[in-house]
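Taking it in order: structure first as structure tokens, then the write-up.
The values are calculated or read from the model by the stated rules, or taken from the named source; none is laboratory data. Since we're looking at a predicted model, the values are computed, not measured. No Cβ is skipped: glycine too gets one built from the backbone with ideal geometry, and neighbour counts run over all protein chains shown.
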Amino acid sequence: MNVASFATLDQVGVDSAATDREIWLRCQRDELLLLTANRNMRGDDSLEAVIRQLAGAESLPVLTLADADRILTSATYRELCAYRIAEIALDLKACRGITRMFIP
């Protein structure tokens, strides 16, 4: 993958039934940014629990859409999200160790 690539979990070989833990670990291992809607902290394998347990100084951040519904209805909001994601991707070194970044 390169900076300009977007892929679904299926496209990178992650089973749709994978736990948040499995997804986060795969993204970290393969140096993939994970873009998600806001997730909860229900259970030991929830994304938030995994981040709290495993994230370190070299971890990639999880990119979380602040308003997932709005991205479907507002072109301006989509554009803001796209610019923010590009900024992060282009300066990824500075973002390592930040556990979660809200988009936009």
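Taking GLN11 as the residue in question, decide whether it is free of Cβ contacts under 8 Å to residues at least 60 places away in the same chain, over 14 Å from MET101 (Cα atoms), more than 14 Å from the chain's Cα centre (by Cα) and not in a loop (DSSP other than H, G, I, E, B). Yes: the conditions hold for GLN11. Tell me whether segment 18-30 contains one or more residues that are out of contact with any Ser or Thr (no Cβ under 7 Å at 6 or more places or on another chain), farther than 20 Å from ARG84 by Cβ and assigned to a loop (DSSP other than H, G, I, E, B). Yes, because at least one residue in segment 18-30 is out of contact with any Ser or Thr (no Cβ under 7 Å at 6 or more places or on another chain), farther than 20 Å from ARG84 by Cβ and assigned to a loop (DSSP other than H, G, I, E, B). Within segment 87-101, count every residue that is at pLDDT 95 or above, small (Gly, Ala, Ser) and in a helix (DSSP H, G or I). Of the residues in segment 87-101, 1 are at pLDDT 95 or above, small (Gly, Ala, Ser) and in a helix (DSSP H, G or I).
Pairs linking a residue in segment 20-48 that is hydroxyl-bearing (Ser, Thr, Tyr) to a residue that is surrounded by 15 or more Cβ atoms within 10 Å (Cβ to Cβ) and assigned to a helix (DSSP H, G or I), with Cβ atoms under 8 Å and 6 or more positions apart or on different chains, are THR36/LEU47; SER46/ASP20.
Among the residues of segment 16-29, the one identified as at pLDDT 95 or above and loosely packed, with under 14 Cβ neighbours inside 10 Å is ARG29. Taking residues in segment 70-85 that are more than 21 Å from LEU33 (Cα to Cα), and partners anywhere that are surrounded by fewer than 13 Cβ atoms within 10 Å (Cβ to Cβ) and among the small types (Gly, Ala, Ser), not one pair has Cβ atoms closer than 9 Å while being at least 6 places apart or on different chains. Counting the residues of segment 46-82 that are assigned to a helix (DSSP H, G or I), within 21 Å of SER5 (Cα to Cα) and in contact with a helix residue (DSSP H, G or I) (Cβ under 9 Å, 6 or more places away or on another chain) gives 5.
Against the numbered list (1) surrounded by 15 or more Cβ atoms within 10 Å (Cβ to Cβ); (2) more than 13 Å from the chain's Cα centre (by Cα), GLU79 comes up short only at (1).
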